[in-house]
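Below is one structure; the comments refer to it alone.
The values are calculated or read from the model by the stated rules, or taken from the named source; none is laboratory data. Not measured: the values here are computed from a predicted model. Note that each Cβ is placed from the backbone with ideal geometry, even for glycine, and that neighbours are counted across all protein chains shown.
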Amino acid sequence: MRPLGSAIRGTCNAALFKEDRLEVMRIILLSGESMPTHAVDGPITVQCIEGTIRIIAGTANRQLCTGDLLYLTGEVAHELHALSDFVNPADHRVGEGIETTWARCKPTPSSR
């Protein structure tokens, strides 16, 4: 996965692949957008391919910049706040009852 540059606003969130026990998603949050608090059964990684994001997980509050990687154990509630346009290949272990809710296009400011 590479930075998207100016194409970021026209690119959709997507499940890049999904197997029985692992799903990898491309998550894009534009500057000012947030992903509400959520948790998944298994461990996850959050890698910042492009942009800057604030992640709040429990009492930890961290800023990730391009190139940073974060690991969270399973069932840790976390939320994301884009400080600039952000691209992330997130992966998590797929468990019973987990549903991908981020594999959709977000409207861009020009299409609202």
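A few remarks follow.
- Qualifying positions in region 29-82 - under 15 Å from N13 (Cβ atoms), β-branched (V, I, T) and in a strand (DSSP E or B): V46, I53
- Taken over region 5-28, the criterion of being of a type in the set (K, R) and assigned to a strand (DSSP E or B) is satisfied by K18, R26.
- Residue check: T52 meets all listed conditions (1) more than 15 Å from the chain's Cα centre (by Cα); (2) under 16 Å from S84 (Cβ atoms); (3) of a type in the set (S, T, N, Q) but one, namely (1).
- For region 32-41, the criterion of a residue being in contact (Cβ under 8 Å) with a residue 40 or more places away in the chain and surrounded by 17 or more Cβ atoms within 10 Å (Cβ to Cβ) is satisfied by at least one position.
- Conditions (1) surrounded by 19 or more Cβ atoms within 10 Å (Cβ to Cβ); (2) touching a Gly at 6+ places or on another chain (Cβ under 8 Å); number of the one not met by I28: (2)
Let's see how each residue does on (1) hydroxyl-bearing (S, T, Y); (2) farther than 16 Å from T37 by Cβ; (3) under 13 Å from the mean Cα position of the chain (by Cα); (4) at pLDDT 90 or above:
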| position | (1), (2), (3), (4) |
| --- | --- |
| G58 | no, no, no, no |
| R62 | no, no, no, yes |
| A77 | no, no, no, yes |
| H81 | no, no, yes, yes |
| E96 | no, yes, no, no |
